[in-house]
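First comes the structure, then the notes that go with it.
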Amino acid sequence: MTGADLRRRPVVLASACGGAFALLAVVVAVHGWAPFGFEAAAVRWGVAHRPGWARSVAMAVTSLGTDVFPYLLALAAGAVAVRSGRAAGAAGARRAAAVLLAPLVWLVAGQLLRQGLMRAFARPRPPVADWAFDASGFSFPSGHAFTSALSAGLLALAVARARPSAARAATAVAALFTFVIGLTRVYLGVHWPLDVLGGWLLAAAWLALGAWLLGLRAQRGAGARR
(Lines give C-alpha, C1' and ligand atoms only; values in the text may rest on other atoms or scores of the structure.)
Protein backbone atom coordinates (compact mmCIF):
# COMPACT_ATOMS: atom_id res chain seq x y z
CA MET A 1 0.00 0.00 0.00
CA THR A 2 1.42 3.40 -1.03
CA GLY A 3 1.74 6.51 1.17
CA ALA A 4 -0.98 8.17 -0.91
CA ASP A 5 -3.35 5.29 -0.12
CA LEU A 6 -2.66 5.66 3.60
CA ARG A 7 -3.27 9.41 3.46
CA ARG A 8 -6.50 8.85 1.56
CA ARG A 9 -7.95 6.51 4.20
CA PRO A 10 -8.95 9.21 6.72
CA VAL A 11 -10.62 11.24 3.96
CA VAL A 12 -12.64 8.22 2.86
CA LEU A 13 -13.59 7.39 6.45
CA ALA A 14 -14.55 10.99 7.26
CA SER A 15 -16.68 11.18 4.11
CA ALA A 16 -18.35 7.83 4.76
CA CYS A 17 -19.14 8.51 8.43
CA GLY A 18 -20.15 12.10 7.75
CA GLY A 19 -22.42 10.97 4.95
CA ALA A 20 -23.93 8.24 7.13
CA PHE A 21 -24.56 10.78 9.89
CA ALA A 22 -26.26 13.16 7.44
CA LEU A 23 -28.40 10.33 6.07
CA LEU A 24 -29.38 9.25 9.58
CA ALA A 25 -30.33 12.82 10.47
CA VAL A 26 -32.52 13.02 7.35
CA VAL A 27 -34.23 9.72 8.18
CA VAL A 28 -35.00 10.80 11.74
CA ALA A 29 -36.12 14.25 10.56
CA VAL A 30 -38.50 12.75 7.99
CA HIS A 31 -39.94 10.72 10.87
CA GLY A 32 -40.68 13.98 12.64
CA TRP A 33 -37.83 13.46 15.15
CA ALA A 34 -40.14 11.01 16.92
CA PRO A 35 -38.75 7.64 18.07
CA PHE A 36 -39.04 4.61 15.84
CA GLY A 37 -40.75 1.57 17.31
CA PHE A 38 -37.51 -0.27 18.04
CA GLU A 39 -36.15 2.81 19.80
CA ALA A 40 -39.14 3.07 22.12
CA ALA A 41 -38.94 -0.66 22.76
CA ALA A 42 -35.25 -0.40 23.71
CA VAL A 43 -35.94 2.36 26.23
CA ARG A 44 -38.91 0.45 27.67
CA TRP A 45 -36.71 -2.63 28.08
CA GLY A 46 -34.14 -0.60 29.97
CA VAL A 47 -36.77 0.80 32.31
CA ALA A 48 -38.17 -2.68 32.97
CA HIS A 49 -34.74 -4.21 33.65
CA ARG A 50 -33.11 -1.57 35.83
CA PRO A 51 -32.59 -2.82 39.42
CA GLY A 52 -30.85 -0.50 41.84
CA TRP A 53 -27.41 -2.06 41.54
CA ALA A 54 -27.50 -2.04 37.72
CA ARG A 55 -28.65 1.57 37.70
CA SER A 56 -25.74 2.53 39.95
CA VAL A 57 -23.21 0.73 37.77
CA ALA A 58 -24.64 2.25 34.60
CA MET A 59 -24.56 5.74 36.10
CA ALA A 60 -20.93 5.29 37.16
CA VAL A 61 -19.99 4.13 33.66
CA THR A 62 -21.96 6.84 31.86
CA SER A 63 -20.27 9.54 33.95
CA LEU A 64 -17.00 8.72 32.15
CA GLY A 65 -18.49 10.14 28.96
CA THR A 66 -18.74 13.72 30.26
CA ASP A 67 -17.23 16.34 32.55
CA VAL A 68 -13.46 16.10 33.12
CA PHE A 69 -12.61 12.52 32.11
CA PRO A 70 -12.84 12.88 28.29
CA TYR A 71 -10.66 15.98 28.45
CA LEU A 72 -8.10 14.05 30.47
CA LEU A 73 -8.09 11.41 27.72
CA ALA A 74 -7.48 14.14 25.14
CA LEU A 75 -4.58 15.51 27.21
CA ALA A 76 -3.22 11.98 27.55
CA ALA A 77 -3.34 11.70 23.75
CA GLY A 78 -1.32 14.89 23.50
CA ALA A 79 1.18 13.64 26.08
CA VAL A 80 1.69 10.39 24.14
CA ALA A 81 2.26 12.39 20.96
CA VAL A 82 4.78 14.66 22.72
CA ARG A 83 6.73 11.70 24.12
CA SER A 84 6.95 10.12 20.68
CA GLY A 85 8.04 13.39 19.05
CA ARG A 86 11.27 13.92 20.99
CA ALA A 87 11.41 17.64 20.20
CA ALA A 88 14.24 19.66 21.81
CA GLY A 89 15.21 23.31 22.29
CA ALA A 90 13.02 26.43 22.42
CA ALA A 91 11.35 25.68 19.10
CA GLY A 92 10.88 22.10 20.26
CA ALA A 93 9.24 23.30 23.49
CA ARG A 94 6.77 25.43 21.55
CA ARG A 95 6.02 22.56 19.22
CA ALA A 96 5.60 20.19 22.16
CA ALA A 97 3.06 22.56 23.76
CA ALA A 98 1.12 22.72 20.50
CA VAL A 99 1.18 18.94 20.12
CA LEU A 100 0.10 18.46 23.74
CA LEU A 101 -2.92 20.74 23.36
CA ALA A 102 -3.94 19.79 19.82
CA PRO A 103 -6.18 16.82 20.79
CA LEU A 104 -7.85 18.91 23.49
CA VAL A 105 -8.53 21.74 21.04
CA TRP A 106 -9.93 19.25 18.52
CA LEU A 107 -12.21 17.80 21.18
CA VAL A 108 -13.48 21.25 22.16
CA ALA A 109 -14.06 22.17 18.50
CA GLY A 110 -15.99 18.93 18.03
CA GLN A 111 -18.11 19.72 21.06
CA LEU A 112 -19.05 23.08 19.58
CA LEU A 113 -20.05 21.37 16.33
CA ARG A 114 -22.05 18.72 18.14
CA GLN A 115 -23.86 21.22 20.35
CA GLY A 116 -24.73 23.35 17.35
CA LEU A 117 -26.20 20.36 15.52
CA MET A 118 -28.08 19.20 18.63
CA ARG A 119 -29.72 22.59 19.02
CA ALA A 120 -30.52 22.81 15.32
CA PHE A 121 -32.15 19.36 15.23
CA ALA A 122 -33.90 19.77 18.62
CA ARG A 123 -34.97 16.15 18.86
CA PRO A 124 -36.85 15.54 22.13
CA ARG A 125 -35.44 13.08 24.65
CA PRO A 126 -37.40 10.04 25.86
CA PRO A 127 -40.22 10.76 28.34
CA VAL A 128 -39.00 12.15 31.67
CA ALA A 129 -40.71 9.27 33.48
CA ASP A 130 -38.18 6.89 31.88
CA TRP A 131 -35.09 8.79 33.01
CA ALA A 132 -32.89 7.29 35.71
CA PHE A 133 -31.61 10.80 36.49
CA ASP A 134 -32.13 14.38 35.32
CA ALA A 135 -30.80 15.23 31.87
CA SER A 136 -30.64 18.49 29.97
CA GLY A 137 -30.58 19.56 26.37
CA PHE A 138 -31.86 17.87 23.25
CA SER A 139 -31.35 14.27 22.21
CA PHE A 140 -29.70 13.96 18.78
CA PRO A 141 -26.79 13.33 18.54
CA SER A 142 -25.92 11.99 21.97
CA GLY A 143 -23.29 14.13 23.66
CA HIS A 144 -21.96 11.29 25.81
CA ALA A 145 -21.66 8.97 22.80
CA PHE A 146 -19.88 11.64 20.77
CA THR A 147 -17.56 12.77 23.56
CA SER A 148 -16.52 9.30 24.68
CA ALA A 149 -15.94 8.12 21.11
CA LEU A 150 -13.90 11.17 20.14
CA SER A 151 -11.78 11.36 23.29
CA ALA A 152 -11.04 7.63 23.34
CA GLY A 153 -10.40 7.71 19.60
CA LEU A 154 -7.91 10.56 19.98
CA LEU A 155 -5.98 8.58 22.57
CA ALA A 156 -6.08 5.40 20.48
CA LEU A 157 -4.85 7.34 17.45
CA ALA A 158 -1.96 8.81 19.44
CA VAL A 159 -0.99 5.38 20.77
CA ALA A 160 -1.21 3.85 17.29
CA ARG A 161 1.09 6.54 15.85
CA ALA A 162 3.58 6.20 18.71
CA ARG A 163 3.54 2.38 18.83
CA PRO A 164 2.03 0.82 15.68
CA SER A 165 2.24 -2.63 17.29
CA ALA A 166 -0.30 -1.46 19.90
CA ALA A 167 -2.74 -0.02 17.36
CA ARG A 168 -5.20 -2.92 17.42
CA ALA A 169 -5.30 -3.16 21.20
CA ALA A 170 -5.75 0.60 21.58
CA THR A 171 -8.52 0.63 18.99
CA ALA A 172 -10.30 -2.31 20.65
CA VAL A 173 -10.18 -0.69 24.09
CA ALA A 174 -11.44 2.63 22.69
CA ALA A 175 -14.27 0.89 20.83
CA LEU A 176 -15.33 -1.07 23.91
CA PHE A 177 -15.25 2.06 26.09
CA THR A 178 -17.35 3.95 23.54
CA PHE A 179 -19.81 1.10 23.03
CA VAL A 180 -20.51 0.57 26.73
CA ILE A 181 -21.06 4.26 27.41
CA GLY A 182 -23.42 4.47 24.44
CA LEU A 183 -25.44 1.54 25.77
CA THR A 184 -25.80 3.19 29.17
CA ARG A 185 -27.45 6.23 27.60
CA VAL A 186 -30.31 4.12 26.29
CA TYR A 187 -30.40 1.87 29.36
CA LEU A 188 -30.76 4.89 31.64
CA GLY A 189 -33.61 6.21 29.51
CA VAL A 190 -32.09 9.55 28.51
CA HIS A 191 -31.43 8.85 24.81
CA TRP A 192 -32.96 6.96 21.93
CA PRO A 193 -30.70 4.39 20.20
CA LEU A 194 -30.36 6.47 17.04
CA ASP A 195 -29.10 9.40 19.14
CA VAL A 196 -26.23 7.20 20.23
CA LEU A 197 -25.55 5.96 16.70
CA GLY A 198 -25.55 9.56 15.51
CA GLY A 199 -23.03 10.51 18.18
CA TRP A 200 -20.75 7.65 17.16
CA LEU A 201 -20.92 8.50 13.45
CA LEU A 202 -20.28 12.19 14.00
CA ALA A 203 -17.34 11.42 16.30
CA ALA A 204 -15.85 8.99 13.78
CA ALA A 205 -16.12 11.59 11.02
CA TRP A 206 -14.55 14.31 13.17
CA LEU A 207 -11.76 11.99 14.35
CA ALA A 208 -10.98 10.92 10.79
CA LEU A 209 -10.91 14.54 9.67
CA GLY A 210 -8.46 15.29 12.47
CA ALA A 211 -6.29 12.34 11.45
CA TRP A 212 -6.24 13.61 7.87
CA LEU A 213 -5.23 17.12 8.97
CA LEU A 214 -2.53 15.61 11.19
CA GLY A 215 -1.16 13.58 8.28
CA LEU A 216 -1.26 16.63 6.02
CA ARG A 217 0.66 18.70 8.56
CA ALA A 218 3.26 15.94 8.99
CA GLN A 219 3.66 15.71 5.22
CA ARG A 220 4.21 19.46 4.89
CA GLY A 221 6.66 19.40 7.80
CA ALA A 222 8.64 16.61 6.15
CA GLY A 223 8.68 18.58 2.88
CA ALA A 224 9.92 21.72 4.63
CA ARG A 225 12.82 19.81 6.21
CA ARG A 226 14.06 18.48 2.89
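The values are calculated or read from the model by the stated rules, or taken from the named source; none is laboratory data. Everything quoted here is computed from the prediction, not taken from an experiment. Every residue, glycine among them, receives a Cβ derived from its backbone with ideal geometry; neighbour counts consider all protein chains shown. These area figures cover heavy atoms from the full protein model, side chains too; ligands, DNA and RNA do not enter into them. Shrake-Rupley method; radii C 1.70, N 1.55, O 1.52, S 1.80 Å.
How much net charge surrounds ALA77 when only the other residues with a Cβ under 12 Å from the Cβ of ALA77 are counted, with Lys and Arg +1 and Asp and Glu -1?
Net of charged neighbours comes to +2.
Taking amide hydrogens as modeled 1.01 Å from N in the peptide plane, which residues meet the under 5 Å criterion relative to SER139, leaving out close sequence neighbours?
ARG123, ARG125
Hey, what does the equivalent ellipsoid look like for the chain, semi-axes from the Cα gyration tensor as sqrt of 5 times each eigenvalue, largest first, whole Å?
Output for the chain: semi-axes of 35, 19, 15 Å.
When the Kirkwood hydrodynamic radius is evaluated over all pairs of different C-alpha atoms of the stretch 10-49, what value in angstrom, to one decimal, is obtained?
Mean inverse Cα-Cα distance, inverted, gives 11.9 Å.
Taking the stretch 148-189 as the region of interest, what is the percent of Cα-Cα pairs per 10 angstrom bin, listed from the shortest bin to the one with the maximum distance?
33, 43, 19, 6
For the chain, what does the helix formula give at 222 nm: sum of -39500 (n - 2.57) over DSSP H segments with n ≥ 4, over the residue count, nearest 500 deg cm²/dmol?
My calculation for the chain gives -27000 deg cm²/dmol from helical runs alone.
Per residue, what accessible area does the chain have, given a 1.4 Å probe and all protein chains present, in Å²? Mind dumping the intermediate values first?
On the way: 11920 Å² over 226 residues.
I get 53 Å² per residue for the chain.
Could you sort ASP130, ASP67, ASP195 by their accessible area in this structure, using a 1.4 Å probe and putting the largest first?
Highest to lowest solvent-accessible surface, that is ASP67, ASP130, ASP195.
Using alpha carbons only, how many angstrom separate the centre of the stretch 12-53 from the centre of the stretch 103-147?
Cα centroid to Cα centroid, the span is 13 Å.
Would you look at the GNM of the chain, springs on alpha carbons closer than 10 Å, and say which of VAL27, VAL99, VAL43 moves the most?
In this elastic network of the chain, the residue with the biggest mean-square fluctuation among VAL27, VAL99, VAL43 is VAL27.
By accessible area of protein heavy atoms, probe 1.4 Å, what ranking do THR66, THR171 get, highest first? The partial results should precede the final answer.
Working: THR66 45, THR171 80 Å².
Per-residue accessible area, sorted high to low, gives THR171, THR66.
Using only the heavy atoms of the protein chains and a 1.4 Å probe, how would HIS191, HIS31 rank by accessible area, largest first?
HIS31, HIS191
May I ask you to derive the FRET efficiency for VAL108 and ALA79 from their Cβ-Cβ distance with R0 = 25 Å, giving the value to the nearest 0.05?
Once rounded, the FRET efficiency stands at 0.90.
Measure off, as a whole percent, the carbon and sulfur share of the 1.4 Å-probe accessible area of the chain, all protein chains present.
Details: 8250 of 11920 Å².
Taking all protein chains in place, the chain shows 69 percent carbon and sulfur surface.
Pairing the Cα long axis of helix 143-162 with the longest principal axis of the chain, what angle in degrees results, from 0 to 90 and rounded to the nearest 10?
Once rounded, one gets 30 degrees.
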